[in-house]
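Quick notes on the structure that follows.
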Amino acid sequence: MGNLLVMDRRLIARGAERTSTMRFVLWLVPWVALLALGIYAAGLCLYYGLNQTHMDNRFAFGMWIFLDLGMIAMGAGAFFTGFLVYILKQEDLKPILNSAVVVGLICYSGAMAVLMVDVGQPLRAWFTFWHPNTHSMLTEVTFCISCYLLVLILEYVPVLLQNRQLRKVPSFLVFEHQLHKLVPVLAAVGAFLSFFHQGSLGGLYGVLRGRPFAFRQGFAIWPSTFFLFILSAIAVGPSFLMLVTAAVETFAGRRLVGANVFRKLGFISGVLLGAYVAAKAIDTLVWLNITSRAVGFTPGDFYAYKPFGSALMFLEIVPLGLIPAFLLTLPVTARKRGWLLCGAALACSGVLLNRFVLTVQTLALPTLAFDEFLQYTPSWQEVVTFAGVIAYGVILYSLSYRYLPLFGQTKGADKNVSVG
Amino acid sequence: MSARYGFVIDLDRCTGCGACMVACAAENNVPPANPRATPRTGLTPILVRKVSNGMEGAAHREAFIPIACMHCGNETPCVRVCPQQAVEVDKETGIVVQMPQRCLGCRYCMTACPYHARYFNWWDPAWPAGMERSLNPGVAVRMRGVVEKCNMCSARLHSAKEKAAAAGRKEIDPADYIPACAEACPTGAILFGNLADKNDPVASASHSSDAFRLLARIGTEPKVYYKSTEDWVKALAERDSPQPTEAQHG
Amino acid sequence: MKVSRRDLLIGGAGAIAGLVLSPVPWKLLGDSSIWTQNFPWIPQPARGPVETKYSACTLCEAGCGIRLRMAAKCPVGITGVRSHPVSQGALCALAFAAHQLNWHPRRLREVRHAGHAASWAEAQAAFRKACAEGPIAIIDGRPGRAASSAFEAFTRNHHGSYQVVLSAESQALSPYARWSGVSVASLGYDMENARTIVSFGAPLLDGWGTPGRFTRLWSVRAAGAADPQLRLIQIEPSLSRTAARAWRWIPVREASEAALAAGLARVLLEEHMVNAKGPMPQLSLAEAAAATGLSTEAIHDLAHTMLENRPVVVIAAGDNPAIAALNVLLGTVGAPGGIVRKRGDVPVQIAAGSLPSSLRAVLVDSTVPWEFSIPTDAEVFRFAAWDGGGNKAGWLLPAPGFLEELTDVPTPPTFSRETYAVALNLVAPSTEVQSAAQFLLKINPTLPVVKKVIQARCEEIFRGRKGTVYGEHAVAVTKIDSAQHLEEQLRQGAVWVGDAPSSGKLQCDLKEWPAENRLARTINWATAWVPPVFPALGTKLYQESNLRELPAGRQG
Amino acid sequence: MFPWVDGFHWSPGHIIFLSVFFTVVLIILTTFAWAIWRTASDFRTHRATETCWRLNFAELPEAERRCRHELAGRLPHRVCNNAFDCRHCSKYAEFAVLPSKTVAGNAGVNFSDNLLYHRGHTWVRPEDNGTLTIGLDDFAHHLIGHPDSVYLPAKGSEIESNGIAWRMTKNGHEIGVRAPIDGTVVSTGGAKDAWYLKIRPRKPADLRHLLRGPEVPGWLAGEVDRLQLQFSGPDAPPCMADGGTLLPDLMDVMPAADWDTVLAATFLEG
């Protein structure tokens, strides 16, 4: 025990103020338990097959895909912040960069993990690389996400090597130093990849001409959802970072980044969200009046079935789109931390709702004239598996926060912040 | 010359007996249901669905619509979305072929198919002890976790080709190749043939004024046609119930 | 040498890097994917020489012609035979998976006595004892077979009674048998010449009689046509498959078929639409209308429609004299397109149910439907290939399964001509089984042997010089050189069909309108299907889809 | 994936897609490889230790980066941004000539005017035979007292200035002592003798960067203050009052203190 205390103490950066080992362990225990449960549930699905879930031939996608899409949208903060800092030289966002990388890493690796459980033959995952069908949006997604995950890992390495014990190994320290110099390259690549796969995730549904609820006209090879997803992802990424940071600040009991960072993130998020909502509104009108009518589907076919009423669409566009956009940009509200966070939360839920609708409602709605509207509720295995991923995220973030310099590049800075 | 195999299914003749479903399963080594399987998790490469005109009393009418893979000829949704080319349209025959040994089980194709004609192997294929001896040697059993669907009994096409090759013929004898469902239908409601061949009965049947295709306006060019003399049945072709006259084009 | 943390970290990193760069993980990846294609627990179809055999389906009395794909001496596929004169290439949905039945989990694999395992020797001893002690009865589900003659012989020798369970189709014909004194087995419907068929709830398009015969006829002459050559009028409370496809569907109240028949009779007689003068039913038209829930006009119209294009024949779902009487009024009994009498004659049989009260033992053949309840408390010897569950029988005796025994297939009821076919034991019995005939033969070696009876029947047909043998080609019996040759053809799956029915020789004179109103036996899509179990692939119909429901008393 | 793998098409879309993919992968891997190669070359050219030191130096709080001229009182306030290496400091000469004010009182930490001090609490004594003797200073002695174990480099091995010269342990704490200067180890002493290493410098040693004369008391006073600051606090053990003197073997006297932080600060751990 004493030994553990010493170890823990030695891993924490010199001068950094962290909660006591005891409290940290107590904090981790429930999450570790949840993670263990999740691994068990996932094991069931892998061993007995997907009959453990409540998905079926109509609901071929379920809760997992929906939450994966959500997670990846939330993780967009990582590439976007990197893009802002290294490409657009927004140096004042540097303090949250490391945190953003960790959040991104968690979201993407978590999503990948769930996908591996979600497919029927995980051992064949690499077929997608070996026999790629370049027409498929899913191929684009697979390629980009796995590459970007690699990038995220490479971006995480320098942060990891800044751990107090690791930096004692000269070769690691020098490597960190050298890699750090090249991070802008990675940031650029990451931005490129994310841009495409965020889009392709939207394209995933936009290309389904067999599902008029999801099918959209587009530009070149990309349906409109391609661009909507990119826009919504980069809009909501910063918001999610704000929420995460705020949460960490609450737990740490002190401010980790300056208010200016929040305001800036909020503003970027808000402006992009506004653009997204506008684009989405136009897209919806075109789709309802031209695209879907052309193939004999009326709005009634989409919004006649409860709970998927038109109220849901309104909710997505106005209360969870327009309003947060204003909350995040208007100086009146943006100056108040509370409003800012509230806006961020609304924005995130709005994009989550969008992913939900596209995944679940698309499949629930009838296509053939004599189809029935179907319901689906996930099985406990599905829920617990995903809860496990959340737990994994919390654990990884907590460890990173405790032992790595996530906020502020220098301990000095960290100290200053913690004092001030 | 390349064929365009397809079906013309006469709904007036379909009594919904289900012979096509069982014959298909037996021919293609589709496993019997797992005890926990339901109509939503079953494996029915051809599925006969009951439809009604929604009227009450004596005006109430019912019909049966066999649904199999439509072997879409244009923008084939499943082929376009499959990330690893586990589905492809055979140039020679127009058959949309599913390759289970290539399938990852991502089920993206199932979300893409508007006809719900694709099925996922939710369970390991299992037969009662000894029954595996009754399996069709021409067809490989699919493993758990992959998607399958109607392949127009490719195994039969294959043996027909072999027969033709053995006889030194280039073209197969149409009599040698008929899918199990069409062969099994007791009323001859399921007509199979080469839509590209003007002399083939299906070609003319597909052009009859009673012929229509499901969701034709989506533009996927299904190669399964339906026939009915009843307007309420024709109206099932599209969601917004067009007039029977509109039902053919698209 | 001291290993520092640094060494460990670097060593670890190096090891991982090395492993990733080595071919090992990639090879494993490749192998794993191959492995997923053939998990050890995925059954592999048996390889072996594929051959085609022809035979007759023995699972119900229809005796449809089947073509079997055999691999490694084991049927792997069943299809109909186009050239078969009765089934015409059609089969019921279940027949396509019939070859799986022999491995059905409910297959009887051992002799069971009062729920416990026993031996054939014990069963025989018990039956011998029973025969010695008192009268016995043998119940046959499919009369006219070679085995049936063995049953009759045995009962003759042992003062037992030979009983028969008639199918719903045969029961529907029994009123005419009662009135004309001609046996049910020699009656049939001449549908091919009918132009209007009025079905009182008979599932004509859902496995009635022989699946192929009427469905083919209907699909050629009726389906989809606004004014078809063959008009099918379905009178049924609910919209059955037949009703859904019929030319007209007339919904009536439950069990009011007889009332409607009476109502129709009144219209026909009162308006002198038929030559017959009577008898007049007691029921008035108004009463009939009230009973059926139809308007008097509707009944009126129906009567007219029935006569619009003749010949018209009325078909009941079961033994329902009132409906049969309608045919008598219409004069379609013995007329072309009506109820006809086949050539030759088969001794009159009594239907079971009237079993003598004092019986020592009852032997039930495997052809008797499982749901048939034996109205006796005697010791029961029940032959069956599959256990339908809930069995009260003292003795449960494993009979041969699908195509596991040599048997002959006599004329299916409802067919208008005599037929005869043979089903070989193409499949080696998978368990220790015995047919009832074999069982009895062990007790009384003097009984006729199935093989011999079949030979005799073939010679009889050969000597009769009538009819045609439908095999690869249709060959008139007169063209066949020997009885052996004819038998050989039948053994290879050919079927003999007698000449066209001789109309006329059928006299039913009704003194009075049949008062008793027997309920039509409720018929579902699997009534004809004798095994108490369904093939495994039946799940496609009732579990993996909502197409049908598993009928009560059947096992999946 | 490749022309010889099933599913490869010579269609523009396919080619473009794959080439983009391969480019991206190439960039990522190159970046990684490049970083590794640079690291390796740093070690080859003996720049690694320097780099490490500079990175760690950058991590030091300002209070611990005060310029020697401030310590000597030549300047009011100046923070070193040269990793304490005055040999490359452009301003060194310019400030060195300014008059210095000696700080009074040294809290019982002894030092000698003929020793040259390194910020890592080592001293260097040039010998007549051209070798340099290296030892721990009195401040370090007060903290550690007698170390539990000492791991000295082997004779003939190289040490690089600001690299770890030798390691010691005390009460389970590991201590890496930074080398004040580079050279080859000619003989090793230990805790029992007053010195730890004798080294022969590569080239005629340039010792300008080491503290001397008036700078030393100033520096030590600062260190003592820091120590005091670190000991003060809610759960701090009883420690010297103002004007008191530093006890010997502090680590044994007050085992409860946060020695991890103290030692890290004392021996300039990043």
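Where a number appears in this text, it was derived from the coordinates with a stated rule and is not lab data. The model shown is predicted, which means the values in this text are computed figures rather than measured ones. Ideal geometry is used to build each Cβ from the backbone, glycine not excepted, and the neighbour counts take in all protein chains shown.
Structure notes:
- Other-chain or far-sequence residues with amide H under 5 Å of residue A:218's (modelled H): A:224
- Converting phi to 3J(HN,Hα) with the Karplus coefficients 6.51, -1.76 and 1.60 and the offset θ = phi - 60°, the stretch C:444-459 yields 10, x, 7, 5, x, 8, 3, 4, 5, 4, 4, 3, 4, 4, 4, 4 Hz in sequence order, with x at every glycine or proline.
- Options A:321, C:173, C:117, ranked by Cα towards positive dipole end of the protein assembly as shown, top entry (Cβ charges): A:321
- With N counted as the residues of the stretch B:5-247, its alpha-carbon radius of gyration over 2.2 N^0.38 Å works out to 1.02.
- ³J(HN,Hα) computed for each position of the stretch D:169-174 - Karplus, 6.51 cos²θ - 1.76 cosθ + 1.60, integer Hz, glycine/proline x: 10, 8, 6, x, 8, 9
- Normalising the Debye intensity of the protein assembly as shown to I(0), with uniform scatterers on Cα atoms only, and taking log10 at q = 0.06 Å⁻¹ returns -0.74.
- Using only Cα coordinates, the Kirkwood hydrodynamic radius of chain D works out to 21.3 Å.
- Packing around the peptides B:155-161, D:252-258, taken as the average count of other Cβ atoms within 10 Å per residue, puts them in this order, highest first: B:155-161, D:252-258.
- Structure remark: mean-square fluctuation, Gaussian network model of chain B, C-alpha springs under 10 Å; the largest value among B:19, B:235, B:59 belongs to B:59.
- Around the amide H of residue C:380, modelled in the peptide plane, lie the amide H atoms of C:362, C:394, C:395, all under 5 Å away and 5 or more residues distant in sequence or on another chain.
- R0 of 35 Å, Cβ-Cβ distance residue B:55-residue B:198: FRET efficiency to nearest 0.05: 0.30
- Helix C:257-270 vs. chain C, principal-axis angle (Cα, 0 to 90°, nearest 10): 30 degrees
- The chymotrypsin sites (Phe, Trp or Tyr not before Pro) found in the stretch C:1-89 that occupy coil by DSSP, while having at most 11 further C-beta atoms within 10 Å, are C:41.
- Inter-chain shielding of C:440-449 (mean C-beta neighbours from other protein chains, 10 Å cut-off): 0
- Candidates A:134, A:367, A:329: whichever shows maximal mean-square fluctuation once chain A is modelled as a Gaussian network with Cα springs under 10 Å: A:134
- For the stretch A:318-362, convex hull of alpha carbons as volume per residue, Å³: 48 Å³
- What the Cα atoms of chain C give is an Rg and a Dmax of 28.9, 123 Å.
- Of the residues B:108, D:143, C:389, the one whose Cα sits farthest toward the positive end of the charge dipole of the protein assembly as shown, with +1 on the Cβ of Lys and Arg and -1 on the Cβ of Asp and Glu, is D:143.
- Net charge over other residues, Cβ less than 15 angstrom from the Cβ of residue A:309 (K, R count +1; D, E count -1): -1
- Mean Kyte hydropathy of -1.0 or more with a Cα span along the axis of at least 30 Å, helices from DSSP in chain A: A:21-48, A:97-118, A:137-161, A:170-206, A:224-252, A:259-286, A:380-403
- Phi angles of the stretch C:137-143 translate, via the Karplus equation with coefficients 6.51, -1.76, 1.60 and θ = phi - 60°, into HN-Hα couplings of 9, 10, 9, 10, x, 9, x Hz per residue; Gly and Pro are given as x.
- Whole-Å distance, taken between Cα centres, linking the stretch A:35-110 and the stretch A:197-253: 12 Å
- Proximal aspartates and glutamates to residue B:170, defined as alpha-carbon separation beneath 13 angstrom and excluding residues fewer than eight positions away on the same chain: B:92, B:162
- Size of electric dipole in the protein assembly as shown: Cβ of Lys, Arg +1 and of Asp, Glu -1, about Cα centre, debye, nearest 20: 1940 debye
- Taking 7 Å steps out from each Cα toward its Cβ at residue C:10 and residue D:47 produces label points 2.0 nm apart.
- Residue-normalised convex hull volume from the C-alpha trace of the stretch A:30-405: 149 Å³ per residue.
- Cβ crowding within 10 Å averaged over residues, with A:200-211, C:539-550, B:76-87, A:279-290 ranked highest first: A:200-211, B:76-87, C:539-550, A:279-290
- Peptide C:34-40, shielding by other chains (average Cβ, 10 Å cutoff): 5
- C-alpha center-to-center spacing [the stretch A:256-321, the stretch C:301-332] in angstrom: 67 Å
- C-alpha long axis of helix C:5-21 to longest principal axis of chain C, angle in °: 50 degrees
- Neighbourhood net charge (10 Å Cβ-Cβ; Lys/Arg +1, Asp/Glu -1) for residue A:298: 0
- Loop-located trypsin sites (Lys or Arg not before Pro) in the stretch C:1-70, at most 15 other Cβ atoms within 10 Å (DSSP): C:2, C:47
- Partner shielding of D:21-33 amounts to 5, given as the average count of beta-carbon atoms from other chains within 10 Å of each residue beta-carbon.
- For residue C:511, the lysines whose Cα comes closer than 16 Å to its Cα, not counting residues fewer than 8 places off in the same chain, are C:277.
- Loop GluC sites (Glu not before Pro), the stretch C:261-320, which have at most 16 other Cβ atoms in a 10 Å radius of their Cβ (DSSP): C:271
- Cβ-derived FRET efficiency at R0 22 Å, residue A:255 paired with residue A:398, nearest 0.05: 0.75
- Taking amide H as placed 1.01 Å from N in the peptide plane, residue D:73 has its amide H under 5 Å from the amide H of D:101, each at least 5 places away in sequence or on another chain.
- Listed by Cβ neighbour count within 10 Å, with the fewest neighbours leading, A:251, D:95, A:302 appear as A:251, D:95, A:302.
- Fraction of the pair-distance distribution of the stretch C:199-347 above 24 Å, Cα-Cα pairs, percent: 30 percent
- Counting DSSP beta bridges with both ends in the protein assembly as shown, the antiparallel % (nearest 5): 70 percent
- A Gaussian network model of chain D, with springs between Cα atoms under 10 Å, assigns the largest mean-square fluctuation among D:31, D:184, D:131 to D:31.
- Between the helical axis of D:12-44 and the longest alpha-carbon principal axis of chain D there is an angle of about 30 degrees.
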